Every structure is written in C-alpha cells, then in structure tokens.
Amino acid sequence: MSTLEIKDLHVSVKTEDGPKEILKGVTLTIADGETHAIMGPNGSGKSTLAYSIAGHPKYTVTGGTVTLDGDDVLAMSVDERARAGLFLAMQYPVEVPGVSVSNFLRTAKTAIDGEAPKLRHWVKDVNKALQDLNLDPTFGQRSVNEGFSGGEKKRHEIAQLELLNPKIAVLDETDSGLDIDALKIVSEGVNRFRAQEGKGVLLITHYTRILRYITPDQVHVFVDGKIADQGGPELADQLEAEGYDKYLTKTTV
Amino acid sequence: MTVTDTARESVESMLETKRTESHLNPPPSYDLADHPAPTGREEIWRFTPLKRLRGILDGEASEAKLTWETSLPEGVTLTEISAAEAAEIGELAPNDRPSALAVANAGGALLLDVPADLELDEPVWLRLHGDSVDDLVWGHLVIRIGRFSKATVVLEHTGSARYSATTSVLVGDGANANVLTLQDWDDDAVHLGRDAILVGRDASVRHTAISFGGDLVRMHANVEYAGPGGQAELLGLYFADEGQHIEHRIFADHNEPRTKSNVIYKGALQGQGAHTVWIGNVLIRKVAEGIETYEENRNLVLTEGCHADSVPNLEIETGEIEGAGHASATARFDDEQLFYLQARGISEAESRRLVVHGFFNDLIRKVGVPELEEKLMATVEEELSKNVLRPAEDAS
C-alpha cells in the first residue's frame, strides 16, 4: 500500500521583491493505487507542487504537511524522498555531461535498493525498459540527457520510472512536446507502472490529450496555487470543451 | 550558486587591426638578453607567483638530473646531442626565460627519434623522476616524429625537483603524433615546461597536458605549422588542491593556410588558495586563409577559497577563414544537476562525484592512451576523496 497525503501545503519562492507565495493551501490525497490528474493554466503552481514534493531547494515550504504512508516527507532530503518511494519525472530533465545513461541508471538503482542490482538481470531489465520506450540499445552509452531530443528525454524519464519502480510517481508535464506516437509510448509505460498493485500516480498536465491514454481516478483543477475544482474523469472532458476560462474569471474578479 | 561566463569572440570586430607580430607572445630567441628577468607585471608573467619559482629564473647550470626510465619500442632511439645539434635539427627556439635558461644550462639535449614510416602500436614511455626539490634540473628534449610515422609518446613526471624544461615536438609531413605529458609531482615540486610543436604538412598531432601534483606547475603548449593542412588538438586536464598553482598557457600560431587547431582544457579546483590559470592564445596570420580554430576552457570550482583565471585571446589578421571561436566557463556545481541525480535517490556526495567524473570523463576518453585512462580516473577519484566524497558539511 502507499498513500501520499498533502495537507494545506503552502510554498513560496524567493524573488527580488522578497518571498512570493505560489502554493496557497493545497490538500490532496492519493490513496492506494490511485491516479490523480492535476490540470491548470500556466503559472497556476502545478510544477511548484511537483518540485516541492520532490524537495527542490528553490522552493520553501511555509506551511502544511506531506506524508508518504505516514512518514514526514518534508523532513527528508531530496535523495531520501526518492529512496522512500517518490519519483518525479521532470518536465525539463537535466543534462549531466560525461555520465552515461547506463552508469546513471545503475547508480540510481543501487541507491534506491541499497544494494547493487544483479548484473545479468539488470542488463536485461535495462534493455527491456529502453526497448519498451522505443529507445535505441546504444542509448545507454550516451551522456544523461545530453543531446537528447525532447521526446527522448521524456521517454528516458519513463524508462527510469519503470526501472526504479517507486511507490508514487509524480509526472510533471511528461506529455508536453511529445508527438502522438511518443505520447502513446510514454503512456503505455505509465500504464505498465500503475498496473502493478498499490502504485500511485500524480499526473500534472496542461492538456487533456494524455488523459485519453491514462485514465485518472480523479481530476483536480489548479488555479492560482489552489485546487479550484475537482471531480472524476468527466471533469477533464469538460475542461477540454470549455477551457480554464471560468476558473480564471473567478480569481481575477 | 552558479557563476557562468561564456564568451564568444566576434571575428568581424577584430578584422580592422593590422598586426604583424603577436603582442601576446614574445618572439622566440636563444639569447637570454631577449628574455629579461620578469618583474611580474609582464603580460606573460602576471598570473605567476614569481617567488614560488624558487630561483629558477636566475638559475645556474647544474649537474642535477631527473632519473629517466624509458620504454622504447623497436626502431625508436633516444640519444644525447649537443644544444647546437638540437638547433640544427630545427627545434623551436625558447619563447620565455625559463626555456631559454633550460637550453643554456642543460649542457646538451636528448633526441627521441621515431623514424619515418614507422607505425608504433605501443607508446614510447618516458618516466622522469626527481629526488628532491633542492635539485635544480634543466631539461632539453627534442622529439622527432618522422614523416608518415605514427607514434604515442608519454612523459610522466613524478617525485620532486625544481625543473625547467624545453621540449620540441617536430612532426613530419603526414605523420600522426600523440604526445602526453603528465605532471604527477610531489607537493613541493616546481615545474616550468615549454612544449612547442611543429606540425608538418597534412600531419596531425594531439598534445595532452595533465597536471595534478606540484606546488607550482606552469606549462606552455605551443603549436605552429610547417606547411598547410596540419591539424593540432591540444587537450588539458588539471586538478588544483589547497595552495597549488597550476598554469597552462596555450599558443596556437596559425602561420600556414588550411590548418586546424582544437583546444579543450578542463580543470577542477578545491581547497584554500588553489589557483589555476589558463591562457589560450590563438593567432591567425595573414597567410592563414581557410583555417579553423576553436578553444575551450572549463573550470569546476569545488570549494570556497579557490581562484580560476581563464583568458582566451584571439588575434586575427585575416577574415578568410573557416571558423574561429572560443568558450570559457568557470562554475560551481550545478544545483540542477545535483537535484536531478538526488531525485533519483543518489546521495549528495555520490551525486557530486558523478558530476565531476562526468566532467573529466569526456576528456579522458579523448586522450587516446588506453594504458593511462584507468590511472587517470583513479587519480581523479583520489583527488575527489579529499573533499567531494567527504560528507559535505558546507553543502553549497
């Protein structure tokens, strides 16, 4: 079982004019095995939520709690959070020149499991994960994210998701910049992950397109650092038809 | 915090200048009078702490030698010659005081000869060892790579000495030379080295300077061309610890048309007073039409209290070229890289280690001396264990 519980989360970033509050009280529970989609216009704080859960140093939590199966996530360092079972697929994966994908994956797997993976199985697993995401077998020799196309970066993120197999996956706009074929491949990867028992997914997206392939249990509409509305998958269809206008008007009036 | 400073020179802005001689590089000469003792304010000396040269600049002839242990593949010879013979062979004359002193005081030179058409499948290995920093040692070496031959030469420096050496690498037409100089000295050594390379017509040469040890190391890597079509790749890797001064000065003199130079130097610094200097001088003379040059220096600052100077200089006397560019960047650890790795469960210390490994890995793979690759990675690892691998108390 795994439950991610976010309660009244307030997060701010440092700006030249002092701290600016981005998240203004977010409450959200991803219960055992659930997939939640967070949708919202640009600048509504969706990515801030993702990075805050992962522990990016740029964001300061000023209030609220985040727990994973009851453990205080906010008290953990970034790597401890990952080892506790949280995974963030990033919108803009970072280049690490000179570090090969295979070295990176093995190092990460060793860190997460607390022991080095058995070599024979591991090589097989890596090859399968890369193949499933339609990544070339020579991909492992390339430097992490260096010279990758946008699609390769995202597929590489999902290959990591499958290999590291966390409890909860936070996907930050994994669909952005993908063509329809890549979107399907990535979605299949996410679906393989969540087909396992008890895996939670927090899927952050600007568009409804990915929700055709990954059906969420719940949809939350994010506006101005807060959840403005929530519902079942039908809410996504409604957003597709009507856009975010009605929520935006509410906040600006 | 990340400090990044990338500069790319615009070619056009420099076209109006009409220079006949490089103002950055004094003309070569054997005459010591042409290389007066520096005050420290000269362009070529302003980064070097002269006191720490411990008398080399006024040094007298000396009997002290480094111990040479050599491994010479069949056909390769190492013989003693006189300084006059070295000049006759066509070595490149000294271009600063220490190299002029080395010629004047060494009492003769060594000639390493790789005959024409010989293709070596193992490196020429020259292991030079010094016993004590009390010894003042002068070195004078000529490496002759015959036309159409192929050779790798490794010079390894260990132990300690006050050592000033001039080395010429004469690469024959169509030859392929790979020369590596490794400064793996003890903490108190002082090494002033001038490597000058003459690239024959259509020849290609790679020169790699790797500096880990020594109190003060100042190395020149100069390249000029004996004919059109030559290419030079100048690589460098250095790691400066607490109190160390490591200086690399590059001069690519495009004096022939359709020649190429490609320079990549990468360094890391850690500990109070670690100082590195990289000067990348490129001169494109009027005759040098159709040339291509690129130079790059990257420094990774691992702790507080270090200082990296990085100065690319480009002098251009013709605009009829294929390309000229440079980049220089000095930065601390990239927080985003560390976050990315840590978000995959990798500890902070291990993430830092990976990033530094990656930083050097690219370059080490380019060096092209497989026998050394492992040793170099191990040395990087050892250097890292002094700071980066320790739990970061001053996590920045």
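Mind checking the dipole of chain B: about its Cα centre, +1 per Lys or Arg Cβ, -1 per Asp or Glu Cβ, Debye to the nearest 20? The partial results should precede the final answer.
Values: 35 positive and 67 negative charges, 92 e Å.
Magnitude of the dipole: close to 440 debye.
May I ask which residue of A:86, A:97, A:44 lies farthest towards the positive end of the charge dipole of segment A:38-180, with charges of +1 (Lys, Arg) and -1 (Asp, Glu) on Cβ and the Cα centre as origin?
Farthest towards the positive pole: A:97.
When Cβ neighbours within 10 Å are restricted to other protein chains, what is their mean count per residue of peptide A:93-103?
Values: counts 2, 9, 5, 12, 8, 13, 11, 2, 0, 0, 4.
Average neighbour count from other chains, rounded to a whole number: 6.
What longest range of chain A stays clear of loop-exposed GluC sites (Glu not before Pro) (DSSP non-H/G/I/E/B, at most 13 other C-beta within 10 angstrom)?
The longest such stretch corresponds to A:17-114.
Helix-only estimate, please: 222 nm mean residue ellipticity of the protein assembly as shown, summing -39500 (n - 2.57) across DSSP H runs of length 4 or more and dividing by its residues, to the nearest 500. Before the final figure, lay out each step's value.
Details: 13 runs with 149 residues, N = 649.
Here the helix-only value at 222 nm equals -7000 deg cm²/dmol.
Straight distance only, please: which aspartates and glutamates reach the Cα of residue A:118 with their own Cα at less than 20 Å, same-chain residues fewer than 8 apart left out?
Leaving aside aspartates and glutamates fewer than 8 places away in the same chain, those within reach of residue A:118 are A:162.
With springs only between Cα atoms under 10 Å, which of B:246, B:279, B:44 fluctuates most in a Gaussian network model of chain B?
B:44
Stretch residue A:234-residue A:29 to full length: gain in nm at 0.36 nm per residue minus the Cα-Cα span? Provide the component values of the computation, followed by the final result.
Values: separation 205, 0.36 × 205 = 73.80 nm, distance 1.92 nm.
Taking 0.36 nm per residue and subtracting the Cα distance, the gain is 71.9 nm.
How high is the FRET efficiency between residue A:8 and residue A:246 when r is their beta carbon distance and R₀ equals 25 Å, given to the nearest 0.05? List each step's numbers first, then the result.
Details: r = 25 Å, r/R0 = 1.00.
About 0.50, to the nearest 0.05.
If you build a Gaussian network model of chain B, linking Cα atoms that sit under 10 Å apart, which residue out of B:84, B:252, B:268 swings the most?
Top of the fluctuation ranking is B:84.
Across segment B:298-308, in residue order, what do the Karplus-derived ³J(HN,Hα) couplings come to in whole Hz, using 6.51 cos²θ - 1.76 cosθ + 1.60 with θ = phi - 60° and x for Gly and Pro?
Once θ is set to phi - 60°, the couplings for segment B:298-308 become 10, 10, 10, 8, 8, 9, 5, x, 9, 9, 10 Hz.
If you count the DSSP beta bridges with both ends in chain B, what percent of them are antiparallel, to the nearest 5? Show your work: numbers first, answer last.
Working: 10 of 136 bridges.
Bridges in chain B are about 5 percent antiparallel.
Which trypsin sites (Lys or Arg not before Pro) in segment A:80-172 pass both tests, a DSSP loop state and at most 12 other beta-carbon atoms within 10 Å?
A:118
How large is the dipole of segment B:208-310 about the Cα centre if only Lys and Arg carry +1 and Asp and Glu carry -1, each at its Cβ, rounded to the nearest 20 debye?
Working: 8 positive and 14 negative charges, 56 e Å.
Around 280 debye, computed over segment B:208-310.
Name the residues of segment B:258-281 whose amide N is less than 13 Å from a point 7 angstrom out from the Cα of residue B:318 along the C-beta direction?
B:258-260
Would you work out which of A:235, A:176, A:145 lies farthest towards the positive end of the dipole of segment A:133-239, given +1 charges on the beta-carbon of Lys and Arg and -1 on that of Asp and Glu, about the Cα centre?
Highest projection toward the positive end goes to A:145.
How far apart, in nm, are the 7 Å Cα→Cβ label points at residue A:127 and residue B:31?
It works out to 7.1 nm between the two label points.
May I ask you to list the residues of segment B:151-178 whose amide nitrogen lies under 13 Å from a point 7 Å from Cα along the Cα→beta-carbon direction of residue B:131?
What the label zone holds, given the 13 Å backbone N cut-off, is B:160-161.
What residue among B:322, B:350, B:88 shows peak mean-square fluctuation when chain B is described by a Gaussian network model with Cα springs under 10 Å?
Between B:322, B:350, B:88, it is B:88 that shows the largest mean-square fluctuation.
Could you tell me what percent of the DSSP beta bridges with both partners in the protein assembly as shown are antiparallel, to the nearest 5?
Working: 37 of 181 bridges.
Bridges in the protein assembly as shown that DSSP calls antiparallel: roughly 20 percent.
Mind giving me the FRET efficiency for residue A:110 and residue B:147? R0 is 41 Å, r the Cβ-Cβ distance, nearest 0.05 is fine. Numbers along the way, then the final one.
Working: r = 51 Å, r/R0 = 1.26.
So, using R0 = 41 Å, E works out to roughly 0.20.
Taking the Cα centre of the protein assembly as shown as origin and charging only Cβ (+1 Lys, Arg; -1 Asp, Glu), how large is the dipole, in debye to the nearest 20? Please report the intermediate quantities before stating the final value.
Working: 63 positive and 104 negative charges, 274 e Å.
Dipole magnitude for the protein assembly as shown comes out near 1320 debye.
Considering the options B:257, B:360, B:157, tell which one lies farthest towards the positive end of the dipole of chain B, charges being +1 on Lys and Arg and -1 on Asp and Glu at the Cβ, about the Cα centre.
Towards the positive end, the residue furthest out is B:257.
Readers should treat all values here as calculations from the given coordinates under stated rules, not as data from a laboratory. Predicted, not measured: the structure shown is a model, and the values here were computed from it. Neighbour counts run over all protein chains shown; Cβ positions are idealised from the backbone, glycine included.
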